[in-house]
Amino acid sequence: MNTEIRGLTFKNKHFSFTVAENGEVVEIINLYNGENANDTSEDYRFIYLTDFDGQDIYPVSIEPRDDIIAVTFENGLSLDMRAEIFDDFMTFELVSELDKSVKSVTFANLKTVYSNGEYLLNAVGMTAWTNPIEWGYRTPAPSCQAKAFTIFERGMTGAKLGIVFSTEEEALPYLKQVVDAIDIRVGLTSKAGGPYAREWKANFGDYAIITNLDPAFLDENLKYAVEFNVDQYDVHQSPNRTFIQGSFEFAHTENGTAAEYSKGAGNKISDAGMIAAIHTYAYYIDINAHSILSNPKWQAQLHVTESFTLSEDIDGETVVLPTVEDASGFDTSYNFLHTNMSYVLLDEEII
């Protein structure tokens, strides 16, 4: 790290960049041609906090201390980050926690001008709670960006991002180095995807998704799948038509068991010359999975975002739940990007 030029400078064989004390990215030097590749269309910060009102909080100082980088923010909070520089990639890791006043931390935020695909900026999340945002390989855009964020509920310590700046030809070999450096105890990695995807023959097959195991529907669709040389049929979750995500109770079977599905629809798909697979979601339990959700043993493993105490008795006609605590700040936004959901656990009943 070079501290002589307008802040901290990070450099490997392919690029260098400089971050000012206020977190602003001053320059990104493409070491292939010596040009400044930084996207200067607007000021942006290498690291910043976001509070629960959506307000960004910027650094007031960034300085090296021993083997870490100490960052102090406008609100007085501080955060430690570790940088590791390798010939072909860099990694940035958060090594301290923040209090509950902060919703998320965005870090390793870099933007380079788009060069028609000649030079690419790519990023890899190296732990399961690191959310990388990058589009080095996507369609033409004003710039390429690599950054990550992590939210308080998931924990911030250990969030880690690997960054590669390279030519298009070199991108995959260098990204493989990042993937190989991931600790599989805390990160998600695969030799069948990401930079290794082109080497995995199964990735070049054709697969289709089916959302109904009704025998007549399945038979008709299998005809088309055979005609178009589909290699794999994925059965997508659907409570009344395929299976219930979480409890894996199958529709169009006598008792709803996976064994019955395998002997019936599963064998039909296999007999047609295709792989029969289940298109499932590791994070998601369907509200219809009663065998799980009605059992206190499994309820204890559900993530609870807020807990309240009822201030009076309720019945089946109750529309508003009266609580002892103030619930006015409870987040009722429910979408794919939120961790909260529109279900309430009352004793042992989910509504």
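Backbone amide hydrogens, once placed in the peptide plane, bring ILE69 within less than 5 Å of MET81, ARG82, ALA83, excluding anything fewer than 5 places away on its chain. Can you list the residues, at least 5 places off or on another chain, whose amide H is less than 5 Å from the amide H of THR127, using H built in the peptide plane? Those lying under 5 Å, H to H, from THR127 are LYS160. Cross-link partners for LYS223 among the aspartates and glutamates, with Cα-Cα distance under 16 Å and sequence neighbours closer than 8 places in the same chain left out: ASP206, ASP214, ASP231, ASP234, ASP271. Phi angles of the range 102-108 translate, via the Karplus equation with coefficients 6.51, -1.76, 1.60 and θ = phi - 60°, into HN-Hα couplings of 10, 7, 8, 10, 9, 8, 6 Hz per residue; Gly and Pro are given as x. Close amide H pairs (under 5 Å, H built 1.01 Å from N) link PHE86 with THR91, residues at least 5 positions away or on another chain. Take every pair of alpha-carbon atoms less than 8 Å apart whose residues are at least six positions apart; their mean separation over the length of the chain yields a relative contact order of 9 percent.
Counting only Cβ charges, +1 for Lys and Arg and -1 for Asp and Glu, the dipole size of the chain around its Cα centre is about 1180 debye. Computed 3J(HN,Hα) for the range 214-221, one whole-Hz value per residue from the Karplus formula 6.51 cos²θ - 1.76 cosθ + 1.60 where θ = phi - 60°, is 4, x, 5, 5, 5, 4, 5, 6, glycine and proline marked x.
Roughly what % of DSSP beta bridges within the range 205-279 run antiparallel, to the nearest 5? That works out to approximately 10 percent antiparallel.
If you sort the three axes of the alpha carbon gyration tensor as a ≥ b ≥ c, you get a/c of 1.5 or more for the range 33-95 and a/b no higher than b/c, which makes it oblate. Potential lengthening of the chain between ASP231 and GLU63 amounts to 55.0 nm, from the contour at 0.36 nm per residue minus the alpha-carbon distance. Using a Förster distance of 56 Å, how high is the FRET efficiency between ILE350 and ASN33, based on the Cβ-Cβ distance and rounded to 0.05? My answer for the efficiency is 0.40. With 22 Å as the limit, the listed pairs LYS11/LYS147; LYS201/LYS268; LYS11/LYS176; LYS11/LYS160 have LYS201/LYS268 beyond it between alpha carbons. Compared with the dominant principal axis of the Cα atoms in the chain, helix 168-180 is inclined by about 70°.
For the range 222-236, the Karplus equation 6.51 cos²θ - 1.76 cosθ + 1.60, evaluated at θ = phi - 60°, returns couplings of 5, 4, 5, 4, 5, 4, 9, 6, 5, 8, 8, 10, 9, 8, 8 Hz by residue, with Gly and Pro reported as x. Between ARG82 and ASN267, the C-beta separation translates, for a Förster distance of 51 Å, into a calculated FRET efficiency of about 0.45.
The alpha carbon centroids of the range 211-228 and the range 64-95 are separated by 54 Å. The simple Förster model, with R0 at 25 Å and r as the Cβ-Cβ distance, assigns ASP180 and LYS201 a FRET efficiency of 0.75. Model label sites at LYS191 and LYS223, defined 7 Å from Cα along the beta-carbon direction, differ in position by 4.3 nm. Counting only aspartates and glutamates at least 8 places from LYS297 when in the same chain, those with an alpha carbon closer than 20 Å to its own are GLU249, ASP286, GLU306, ASP347, GLU348, GLU349.
Within the listed set VAL186, VAL320, VAL60, the Gaussian network model of the chain (springs between alpha-carbon atoms below 10 Å) gives the highest mean-square fluctuation for VAL320.
Each reported figure results from applying straightforward, stated rules to the coordinates on display, with no laboratory input. Just so it is clear, the structure is predicted and the values come from calculations on it, not from any experiment. All Cβ positions, even for glycine, are placed from backbone atoms using ideal geometry, and neighbour counts span all protein chains on display.
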